[in-house]
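A quick write-up on the structure given underneath.
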Amino acid sequence: MATILGANSESDAYEISNSLRFNDDDSAKLSRTFDSGGSQQKFTFSTWVKRANLGSGYGDLFGTNLDSGESAGSKSLSIGFTSSNTFTIDSDTGAQLSLSTTKVFRDPAAWYHIVVAVDTTQGTEANRVKLYVNGIQETLSGNFPSQNMNTAMGRASEHTIGADYNSFFDGYMADIYFVNNQQYDQTYFGKFDSNGVWIPVENGTGAGGAITFGTNGFFMQFKQTGTSQNSSGIGADTSGEDHHFAVTNLASHDVVTDTPTNNFCTLNPLDTRDTLSEGNLKRVSPQGASTSTISVGSGKWYVEFLVVTQGAILSGFVEDGYATHGNAQPHDHGDNALFYTSTGQKIINNSFTSYGSTASAGDIVGCAFDLDNDTAQFFINNSSQGTFSKTYTTGASYFFAASDVTTATNSTDFINFGHDSSFAGAKTAQNNSDGNGHGDFYYSPPSGFLAICTKNVAETG
C-alpha cells in the first residue's frame, strides 16, 4: 500500500479542516485589490497544494496583475507551476525576475507544501528568492532580482489566488499565508514528524515562531469567521487583518475536507483515457478507464458516483498489477476485477451476470467493498441491489476503477470519495460522513464502511 502524505501520526498534530477546489475550466479565482501599498521587497507566500490537471498551461497559485493602463515592468508577478510541471516565480519582465526549478512536481495523489520567501535587500543573489517544498529548499535557476528591487507583491493593486491573467490553477489549495514584510523560512509553517514526514503546524507553534502578517498579509482557511465578503466564508481572511477576498466562480461545494492532514482518494490523471475535471472527480469517457490514486488491501470501503450522462458505465475494484489504468475494458482481467454496470449487471471473472436495476442519469450508485469478508454490494439511490461473494486475493491491494465498455455513447459521471455530496452543485448536499466522522457523502455509508482517505487507511492498517 502506497504511503501518501495526509495522515498525521502525531497525537498533538495540527489539523487542517478544509481545502478549496479550483477547476480551471471555470476560470475560478479569489481576488483583492489592496487599498495601500506594503513592502514590495520582502514577502513570504506559503500554501499546501494538491494538483489535479497536469501539464496543460500554467497553473498559477498566486499572482498580481497590471492595473488598467499600466505597461510591463515589474508590475506583475506570478507564482505557480509551468506546463512542464516545474515550479516558477516570474515577473512580467523576465529579465528582472524569472526563476524556475528543474525538478518536476507531478504527483496528483500527494499534497505539496510550497513556501516562496523573498527579500531583495539581501546582498547575496541566491538569498533574495528561496523556494521550499515539503520542508526542503529547492534549487532555482534563472534571473534573480537585483538588490533592493521592488517586486509587484504587496503593492496597491489586484492580487489573485488560483489565477494570474488568463492562467488558472486546477486542484486543491489549503492554509494559504501571505506575509507582506518578512522573509520567513519553512519552519514557521511546518515540521518533520517522528516518521520524517513534513506536516503543517499552527501559527506560533513552529520552530520559527509566530507570524507577523504586515500591511497586506492574510491567512486563508476557507471557513467563516464572522466577517467576510462572501457569506460562505470562502474568501475570508482568518489572520485578523480583515483582508478578505472576492470570490469568482467558486461556491460552497468547492470547500472540501480533502486536506494535507487527511488526504482523500481521487481519480488519477496520470493513468486515464478519460477527460477529468472538478479536482479529478468528474470524468467524461469515450470508452476509457480511470483508476484511483489510493489503493486498499483490507477493510470495508465505500464510494458513490452520480450518473450524469448514461452510457455503458462500469464501477468497481481492480487488483493492483492487473489494473491497466486507461485500458478500455479493465474487466478483462478475470477474477482480479469486479464491476457493476449501469445496465444492472455484475462482472466477476469477466462474466456478465444479471444483478440489479439499471442506473439512469441522475441516479447515485453506491459501491461497498468488504475486503475482509470477501463480499461486495451496490446501491442505486440508497437501495441495495444485494450482497454477493467475491474472493479477493490475500495480501493484494485494490484500486477503485470507473470505465465504459462501448464507444456508442460517451458517458459522464461524478465520483465522490467523500469530497462533495452535492457533486459540484448537481445535487443538494446531504453531508453524511462515515462511522469515523470522515467524508461528505450523499447517502450514509453502510455500517462499518469507510471513505478512502489516509486517516481511515492508517487506522485500517
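The values are calculated or read from the model by the stated rules, or taken from the named source; none is laboratory data. Keep in mind the model is a prediction, meaning the values are calculated, not measured. Backbone-built Cβ (ideal geometry, glycine too); neighbour counts: all protein chains shown.
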### Task
Would you check which residues across the range 122-136 are loosely packed, with under 14 Cβ neighbours inside 10 Å and either in a strand (DSSP E or B) or in contact (Cβ under 8 Å) with a residue 24 or more places away in the chain (or both) and list them?
G123, I136
### Task
Would you please name the residue that is nearest to S422 (Cα to Cα), looking only at residues in the range 235-277 that are among the acidic types (D, E), surrounded by fewer than 23 Cβ atoms within 10 Å (Cβ to Cβ) and touching a residue at least 24 places away in the same chain (Cβ under 8 Å)?
D271
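Evaluate the following for T101: is it under 22 Å from the mean Cα position of the chain (by Cα), under 30 Å from C265 (Cβ atoms), in the same structural domain as I211 (by TED's automatic domain parsing) and at pLDDT 95 or above?
yes
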#### Entry: Subset of the range 279-299 (residues that are surrounded by fewer than 24 Cβ atoms within 10 Å (Cβ to Cβ) and not in a strand (DSSP E or B))
P286, Q287, G288, G297, S298, G299
### Message
As an exercise: evaluate D420 against (1) surrounded by 23 or more Cβ atoms within 10 Å (Cβ to Cβ); (2) among the charged types (D, E, K, R); (3) not in a loop (DSSP other than H, G, I, E, B) and give the number of the one condition it does not meet.
### Response
(3)
### Message
I'd like to verify a number: residues in the range 111-127 that are over 20 Å from S39 (Cα atoms) and in contact with a Lys or Arg (Cβ under 6 Å, 6 or more places away or on another chain), how many?
### Response
1
### Inter-residue pairs, beta-carbon under 7 Å, first closer than 18 Å to S239 by Cβ and in the same structural domain as Y112 (by TED's automatic domain parsing) and in the range 189-209, second hydroxyl-bearing (S, T, Y) and part of a strand (DSSP E or B), 6+ apart
F189/S46; F189/Y177
### Message
I need a count of the residues in the range 410-455 that are free of Cβ contacts under 8 Å to residues at least 40 places away in the same chain and closer than 18 Å to L267 by Cβ.
### Response
1
### Query
Being of a type in the set (D, E, K, R), part of a loop (DSSP other than H, G, I, E, B) and either modelled with pLDDT under 95 or more than 17 Å from the chain's Cα centre (by Cα) (or both), is that true of even one residue in the range 426-442?
yes
